[in-house]
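Read through the structure below, which is laid out as structure tokens, and then see the notes.
The values are calculated or read from the model by the stated rules, or taken from the named source; none is laboratory data. Since the model is a prediction, treat every value here as computed from it, not as a measurement. Every residue, glycine as well, gets a Cβ built from its backbone with ideal geometry; the counts of neighbours run over all protein chains shown. For the accessible areas, the whole protein counts, side chains as well, though only heavy atoms, and no ligand, DNA or RNA atoms are used. Shrake-Rupley method; radii C 1.70, N 1.55, O 1.52, S 1.80 Å.
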Amino acid sequence: MDNRYRPVIGLEIHVQLNTKTKAFCDCSAEVFDLEPNSSICPVCTGQPGALPVPSHEMFELGIKIASALNCHINLYSRFDRKNYFYPDLPKGYQITQFFHPLSERGWLEVDGKKIRITRIHLEEDAGKLLHSGDNITKSDYSLVDMNRCGVPLAEIVTEPDIESPEQARIFMEKLRTILRYIGVSTGDMEKGAMRCDANISVVDTITGKQSNKVEVKNMNSFKFVEKALEYEFDRIVQLMENGQEVERETRGWNLTTKSTVSMRSKEESHDYRYFPEPDIPPVVLDSEYVEKIKNSLPELPDDRLRRFVNDYKLSEKDAWTLVEDKKIADFFEEVVKQTKEPKETANWFLTELFRMISEHGEDKIHINPTHFVELFQLMRDGKISRNMAKDIFQESALSGKMPSEIVKEKGLEQVDDTKLIEDIAKKVIEAHPKEVEGFKNGKEGLFGFFVGQVMKETKGKANPKTVNEILNKFLRGV
Ligand SMILES: [Zn+2]
């Protein structure tokens with residue numbers, strides 16, 4: 001595909017807030033994997049006469065997200081009813097913020113570009129339907145689980161500033177990192193704690209014509225966000241090239257066919273008959289309260305990235321790999337504090353530690369800063385080679401044993417005894433007169449052969465640097 005067509009993408013992201021209680025009642029909001037209909041009450045199941053009371057914590061977490069995404073926070077916000085019928089919505093309406101959202105006009109930087117955030121508002125989640133059989137159309141019956149009814153959500157809406165499916169994925173990944181840093185959500189897309197709807201249209205850069213917007217749903221992983229948008233972009237371009245109309249509709253990503261399928265024509269906001277929620281008075285926030293929450297935010301990933309690049313002299317790519325997971329970044333800083341060697345520590349994290357984690361899982365790794373300190377010291381003292389250090393690191397990580405202990409137990413100590421290595425080198429040279437002659441006649445490559453022989457005699461324990469020095473002296477006279 002040439003560059004004639006350009007995608008225009010905007011995202012709507014629902015984030016489940018990890019508050020203790022639901023948005024408007026005292027039911028527990030931790031409902032994942034819970035027995036169906038075990039965390040419900042008259043409020044969240046919409047019984048007549050039950051009155052909703054907004055949760056303070058929901059506002060606190062909402063303000064945190066809005067601040068982290070550089071949004072303006074409205075001190076006056078209000079709830080509204082979004083009316084529609086679906087069996088997982090017992091009230092027949094969702095409580096959301098349509099007219100007066102909690103916050104507006106922010107941004108998140110991705111690839112050096114500021115993606116504008118239109119608004120972030122608070123609302124409640126709906127329940128879940130469980131269909132018998134494989135899919136809804138072949139299902140004999142469906143069951144309703146109302147545990148999720150009333151779980152608080154923050155909906156983050158972006159401007160259509162995203163320029164590629166890949167950028168949409170990176171935006172989502174970065175957003176998740178931020179949400180985890182500020183501790184407002186697990187951000188697990190696979191568990192529905194973060195859900196993404198995307199709208200995409202395509203501009204023909206030659207005619208300037210822009211297609212209708214298509215909304216894509218059901219993308220429950222970062223990879224699928226990218227894949228679904230790639231598919232949809234190609235589909236729309238195809239229609240435009242054929243001179244066909246692009247329907248304004250909602251399409252769902254189908255995991256099995258790896259394509260999007262039409263779900264319904266796109267609804268407009270007036271279809272929902274929004275009106276102010278009469279049971280909840282407007283919420284007026286105190287500016288000092290908002291400031292206090294803003295100031296309680298930890299260092300954000302982008303700030304930490306800059307600090308890692310500046311203070312530890314890491315490349316941006318390496319720094320981000322360490323920063324992305326807060327737990328890893330915290331641990332890295334703890335280790336660096338003790339080793340005082342950020343570059344070397346980063347190398348061990350990015351190669352050995354990450355490999356160990358992906359092979360064995362985080363909970364099997366028992367390593368602490370002193371392991372690194374000792375390992376580095378053993379290498380500096382020439383007691384172990386870098387290769388030996390890797391093996392020792394592995395064992396340390398899995399057993400929690402100190403590196404010095406492992407060295408002692410296994411008799412791994414590197415041989416750095418000059419006299420001993422000299423004796424071995426002499427013997428090796430005497431035993432290979434032909435190779436010596438060859439080397440003296442210019443076969444430089446044979447030098448490696450002698451190093452190899454000496455290493456073999458010492459069972460790999462000789463310090464390679466010392467071996468090289470001694471052989472240089474004997475064979476080259478330097
Ligand atoms: Zn409830």
- prompt: Counting just the residues of the range 1-20 that are more than 16 Å from the ligand (Cβ to nearest atom) and of a type in the set (Val, Ile, Thr), which one comes out farthest from ARG78 (Cα to Cα)?
  reply: VAL8
- request: State all residues of the range 305-340 that are surrounded by fewer than 17 Cβ atoms within 10 Å (Cβ to Cβ) and hydroxyl-bearing (Ser, Thr, Tyr); if no residue qualifies, say none.
  value: SER315
message: So, VAL202, is that one part of a strand (DSSP E or B), more than 20 Å from ILE13 (Cα to Cα) and either open to solvent by 20 Å² or more (accessible area, probe 1.4 Å) or not assigned by TED's automatic domain parsing to the domain that holds ILE120 (or both) or not?
response: no
- prompt: Is it the case that the range 106-117 has a residue that's without any contact (Cβ under 8 Å) to a residue 60 or more places away in the chain, part of a loop (DSSP other than H, G, I, E, B) and more than 16 Å from the ligand (Cβ to nearest atom)?
  reply: yes
task: Kindly indicate which of HIS432, HIS371 is surrounded by 15 or more Cβ atoms within 10 Å (Cβ to Cβ), closer than 29 Å to ASP325 by Cα and without any contact (Cβ under 8 Å) to a residue 60 or more places away in the chain.
output: HIS371
query: Of the residues that make up the range 174-184, is at least one at positive phi, outside any helix (DSSP H, G or I) and not charged (D, E, K, R)?
result: yes
message: If I filter the range 435-466 down to residues being within 46 Å of the chain's Cα centre (by Cα) and assigned to a helix (DSSP H, G or I), which single residue comes out as surrounded by the fewest Cβ atoms within 10 Å (Cβ to Cβ)?
response: GLY448
statement: Within the range 120-158, restricting to residues that are of a type in the set (Lys, Arg) and outside any strand (DSSP E or B), the one that is least open to solvent (accessible area, probe 1.4 Å) is ARG148
field: Selection within the range 126-155 - in contact with a Leu (Cβ under 7 Å, 6 or more places away or on another chain), in contact (Cβ under 8 Å) with a residue 60 or more places away in the chain and under 21 Å from GLU57 (Cα atoms)
entry: ASN147, PRO152, LEU153, ALA154
- prompt: When residues of the range 37-86 are filtered for being over 24 Å from ASN147 (Cα atoms) and among the charged types (D, E, K, R), how many remain?
  reply: 2
- line: If you go through ALA23, ALA29, ALA50, the only one that is touching a helix residue (DSSP H, G or I) at 6+ places or on another chain (Cβ under 8 Å) and within 13 Å of the ligand (Cβ to nearest atom) is ALA23
query: Name the pairs whose Cβ atoms lie under 8 Å apart, with the first residue in the range 17-37 and under 16 Å from MET189 (Cα atoms) and assigned by TED's automatic domain parsing to the domain that holds LYS64, the second within 12 Å of the ligand (Cβ to nearest atom) and of a type in the set (D, E, K, R), and 6 or more positions between them or separate chains?
result: VAL31/ARG148
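Inside the range 239-261, can you point out the residues that are closer than 21 Å to ALA168 by Cα and surrounded by fewer than 14 Cβ atoms within 10 Å (Cβ to Cβ)? It would help to see each step written out before you state the result.
First pass over the range 239-261, keeping only residues closer than 21 Å to ALA168 by Cα: 248-255, 258-261.
Of everything in the range 239-261, those that are closer than 21 Å to ALA168 by Cα and surrounded by fewer than 14 Cβ atoms within 10 Å (Cβ to Cβ) turn out to be ASN254, LYS258, VAL261.
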message: Here's a check for you: in the range 32-47, which residue that is more than 10 Å from the ligand (Cβ to nearest atom) and within 30 Å of the chain's Cα centre (by Cα) is surrounded by the fewest Cβ atoms within 10 Å (Cβ to Cβ)?
response: ASP33
Given (1) of a type in the set (Asp, Glu); (2) open to solvent by 70 Å² or more (accessible area, probe 1.4 Å); (3) closer than 26 Å to PHE98 by Cβ; (4) touching a strand residue (DSSP E or B) at 6+ places or on another chain (Cβ under 9 Å), index of the condition ASP286 fails: (4)
message: Between a residue in the range 242-259 that is within 12 Å of PHE224 (Cβ to Cβ) and any residue that is open to solvent by 50 Å² or more (accessible area, probe 1.4 Å) and in a loop (DSSP other than H, G, I, E, B), which pairs come within a Cβ distance under 7 Å, given they are 6 or more apart or on different chains?
response: GLY252/ASN218; TRP253/ASN218
task: Among the numbered conditions (1) touching a residue at least 60 places away in the same chain (Cβ under 8 Å); (2) assigned to a loop (DSSP other than H, G, I, E, B), tell me where PRO101 comes up short.
output: (1)
query: Can you name every residue in the range 78-97 that is assigned to a loop (DSSP other than H, G, I, E, B) and surrounded by 19 or more Cβ atoms within 10 Å (Cβ to Cβ)?
result: PHE79, LEU89, LYS91, GLN97
